[in-house]
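Below: one structure, written as C-alpha cells.
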Amino acid sequence: MSVRRLRIAEAAALLGVSTDTVRRRLAERDIETSPDAAGVATIAGEEVARLAEEEASDSHLADLGPLAPASVRNRLRGIVTRVLRDGVMAQVEVQAGPYRLVSLISREAADELELAPGSLVAATVKATNLGIEGIG
C-alpha cells in the first residue's frame, strides 16, 4: 500500500488550523515535505495523523473546565446554538469545533440542564457501530 501524501492546505483543513500553523509545526518537528507532480509541497499522511493527535492534546478545550467522569469515551465540547422545545421533546443544536451536532432529548432534560444558546456542553456519542468511509 502506498503512502498517502497530503498538500499543506489539505492537512490544514483536516487539522482545523491555518496553513501557516501547519508550516510552523513542520519546521518545529523537522518534518520533511516533498513536491507532488505539480511541485506543491506534500506531507506523508502518517505525519498528518501524528500532528492531529498533538493538536488534540494541545487543545485549550480543557480550559473550559473538567468533564465529569463518564463511561462514554466519545465526548465533544461545544456551545449550544439553538434549542427548540415543544410539549415533550427538545431539539438541541451544538457547534463543536467545525461540527454541527443535533440531538433530540426530552424537554424535561433540556429544562433540567437549563439549555439555551450560549450554554457550554459536552455532547456524548455512544454507539456500537461507527462507519468509516475512505476519501479520495
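Coordinate-derived values only; no laboratory data. These figures come from a predicted structure and were not determined experimentally. Counting neighbours? That spans all protein chains shown, and the Cβs are built from the backbone with ideal geometry, glycine included.
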Quick check: convex hull over the Cα atoms of segment 64-125, volume per residue in Å³, rounded to an integer? 88
Which GluC sites (Glu not before Pro) does segment 34-136 hold that lie in a coil by DSSP with at most 15 other beta carbons within 10 Å? E114, E133
Give me P(r) over segment 5-58, computed from all C-alpha to C-alpha distances, binned every 5 Å, as integer percentages. 4, 22, 36, 27, 8, 2, 1
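Compute the length gained on full extension between T124 and A38: take 0.36 nm times their separation in residues and subtract their Cα-Cα distance, giving the result in nm to one decimal.
Numbers: separation 86, 0.36 × 86 = 30.96 nm, distance 4.23 nm.
Taking 0.36 nm per residue and subtracting the Cα distance, the gain is 26.7 nm.
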Set Lys and Arg Cβ to +1 and Asp and Glu Cβ to -1, take the dipole of segment 1-69 about its Cα centre, and tell me which of T19, L64, P35 lies farthest positive. P35
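For L76, what charge total do you get from the other residues with a beta carbon under 14 Å from its beta carbon, if Lys and Arg give +1 and Asp and Glu give -1? Each step should come with its number before you reach the end.
On the way: positive: R73, R75, R77, R100, K126; negative: E93.
That sum, taken over residues with Cβ under 14 Å, equals +4.
For the chain, give the magnitude of the charge dipole about the Cα centre (Cβ charges: +1 Lys/Arg, -1 Asp/Glu; no others), in debye to the nearest 20. Let's see the in-between values first.
Details: 16 positive and 20 negative charges, 42 e Å.
The calculated dipole for the chain is roughly 200 debye.
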Within segment 5-58: Cβ-based charge dipole about Cα centre, in debye rounded to nearest 20 (Lys, Arg +1; Asp, Glu -1): 180
Report ³J(HN,Hα) in whole Hz for each residue of segment 74-82, in order, from the Karplus equation J = 6.51 cos²θ - 1.76 cosθ + 1.60 where θ = phi - 60°; Gly and Pro get x. 8, 10, 10, 6, x, 10, 5, 9, 7
